[in-house]
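Worksheet: one structure, shown below.
Laboratory data are not the source of any read-out in this text; all were calculated from the coordinates shown. Please read these numbers as outputs of a predicted model, since none were measured by experiment. Positions of Cβ are backbone-derived with ideal geometry, glycine not excepted, and every protein chain shown enters the neighbour counts.
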Amino acid sequence: MVLVLYGTEGSSPVRAVLLTLRALELEHEFREIDLTAGDQLKPDYVSKNPQHTVPTLQDGDAYICDSHAIMGYLVQKYAKDDALYPREPLQRAIVDQRLHFETGVLSIRYKQLKRLLFQEKVTELPVESLHETYALLELFLDGHEYMAGEQLTIADFSIVTSVSTAHLSFAPVDATKYPNLSAWLARISMLPYYEQANLNGARRMAELVRAKLPKQFDKLWQKAFEDIKSGAGKM
């Protein structure tokens, strides 16, 4: 049976799973869940995911929720090796820590800005919180090409969806201040499936943010797009 992923491409966690599916070359069906229309609250979807969140993965009769759980599941069940989610205890602990950082710090700060902008109509946004997060990611990458060491893992997929969206919307990654993070973003953007699995959705989310922000943000926003288009900066 073909794997089915429920979600919306505007969601960073959904795109993290899409990156994993593409990396593993797994056949799958994508079913759009329109959050603005309340699809996630319909009884059929709630029966699959009581938290009514996205993403949800269907594998036969099983339903798995939460992007981090889904990515780990896909690697452990379907990958030819454990490179994307190492079994060695220390390597896995580092990957897990990065995943927890994404969901407990990076994602929370991004969602706070979204709430201020879309729900509370605030346009003077405290983007310093994202820059604090970038500084920590810069340290994670010190001496390493990837978030959890010297090889690509699901930690990279999880973090890049949030960072790329923040970069294109609220807080562009400054290559001078964050050279490691900038180089990493460029490196991940070169993956053959990156644009379709992540960048297109990140751009659409950024356009929604841009429409709500004052015009003085346009120059930063346009530069971020140009950086990503040219390899995210060789940025």
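A few points about this structure:
- Non-local lysine pairs in the chain, meaning eight or more places apart or on different chains, with alpha-carbon distances under 15 Å, amount to 6.
- Only one of (1) 33; (2) 42; (3) 25 was calculated from the structure for percent of Cα pairs over 29 Å apart, and its label is (3).
- FRET efficiency for A79 and K121, using Cβ-Cβ distance with R0 set to 41 Å, rounded to 0.05: 0.40
- Summing Cβ point charges (Lys, Arg +1; Asp, Glu -1) relative to the Cα centre of the chain gives a dipole of roughly 640 debye.
- Amide N of the stretch 177-202 lying under 19 Å from the label point, which is placed 7 angstrom from the Cα of E145 along Cα→Cβ: 179-195
- Only the Cβ atoms of Lys and Arg (+1) and of Asp and Glu (-1) were treated as charged; on that basis the dipole of the stretch 53-114 about its Cα centre amounts to roughly 300 debye.
- Rounded to 5, the percent of DSSP beta bridges in the chain classed as antiparallel: 60 percent
- Computed [θ] at 222 nm, helices only, for the chain once each DSSP H run of length n ≥ 4 contributes -39500 (n - 2.57): -15000 deg cm²/dmol
- The relative contact order of the chain comes to 21 percent, based on Cα pairs under 8 Å that sit 6 or more residues apart.
- Separation of the V4 and D34 label points, Cα + 7 Å toward Cβ, nm: 1.9 nm
- The Cα center of the stretch 92-140 and the Cα center of the stretch 29-79 differ in position by 23 Å.
- Annotation for the stretch 19-66: GluC sites (Glu not before Pro) lying in DSSP loop with at most 16 further Cβ atoms inside 10 Å of their Cβ are E25, E27.
- Size of electric dipole in the stretch 25-158: Cβ of Lys, Arg +1 and of Asp, Glu -1, about Cα centre, debye, nearest 20: 460 debye
- Report note on the peptides 162-169, 77-84, 41-48, 204-211: ranked by the mean count of other C-beta atoms within 10 Å, highest first, their order is 162-169, 204-211, 77-84, 41-48.
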